[in-house]
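Notes for the one structure printed next.
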Amino acid sequence: MKQMYSSFELMLTSALMAGALGIAGLPVLAQTATTTTAPAAATTTTAPKPTVSTDQMVQEACQRQKARTAKFQQFGIPETFGSEEPGFVFDPKAPRC
């Protein structure tokens with residue numbers, strides 16, 4: 001009788017281990033082992049991101065802030081994070097703020 005339980009435990013343990021290994025192996029199967037090489041002519045260098053602001057950037061930020069303030073005064077809609085004026089057009093020739 002005791003031998004029946006140990007074979008049942010062995011069968012249950014092996015089924016659980018096989019299931020665990022099967023689940024752990026799924027991410028490995030999802031990965032592809034392809035390698036691609038880009039042609040030498042297709043490599044492009046991107047311009048580095050600016051680390052300082054230019055006068056034009058400051059002028060645009062000032063004009064955007066004035067447009068948001070005017071929108072608030074006209075419609076009473078407060079500024080929220082990420083709000084942009086879809087009709088805003090930067091005018092580089094406008095007088096400085």
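The values are calculated or read from the model by the stated rules, or taken from the named source; none is laboratory data. Everything numeric here is computed off the predicted structure, so don't read it as measured data. Heads up, the Cβs are rebuilt from the backbone with ideal geometry, glycines too, and the neighbour counts pull from every protein chain shown.
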The condition from (1) in contact with a Lys or Arg (Cβ under 7 Å, 6 or more places away or on another chain); (2) at pLDDT 70 or above that GLU85 misses is numbered (2)
From the option list THR44, THR80, THR32, single residue qualifying as modelled with pLDDT under 70 and on the phi < 0 side of the Ramachandran plot is THR32
Restricting the stretch 49-76 to residues that are part of a loop (DSSP other than H, G, I, E, B) and among the hydroxyl-bearing types (Ser, Thr, Tyr), the one farthest from the chain's Cα centre (by Cα) turns out to be THR54
The number of residues in the stretch 65-97 that are surrounded by 10 or more Cβ atoms within 10 Å (Cβ to Cβ), farther than 25 Å from ASP55 by Cβ and of a type in the set (Val, Ile, Thr) is 1
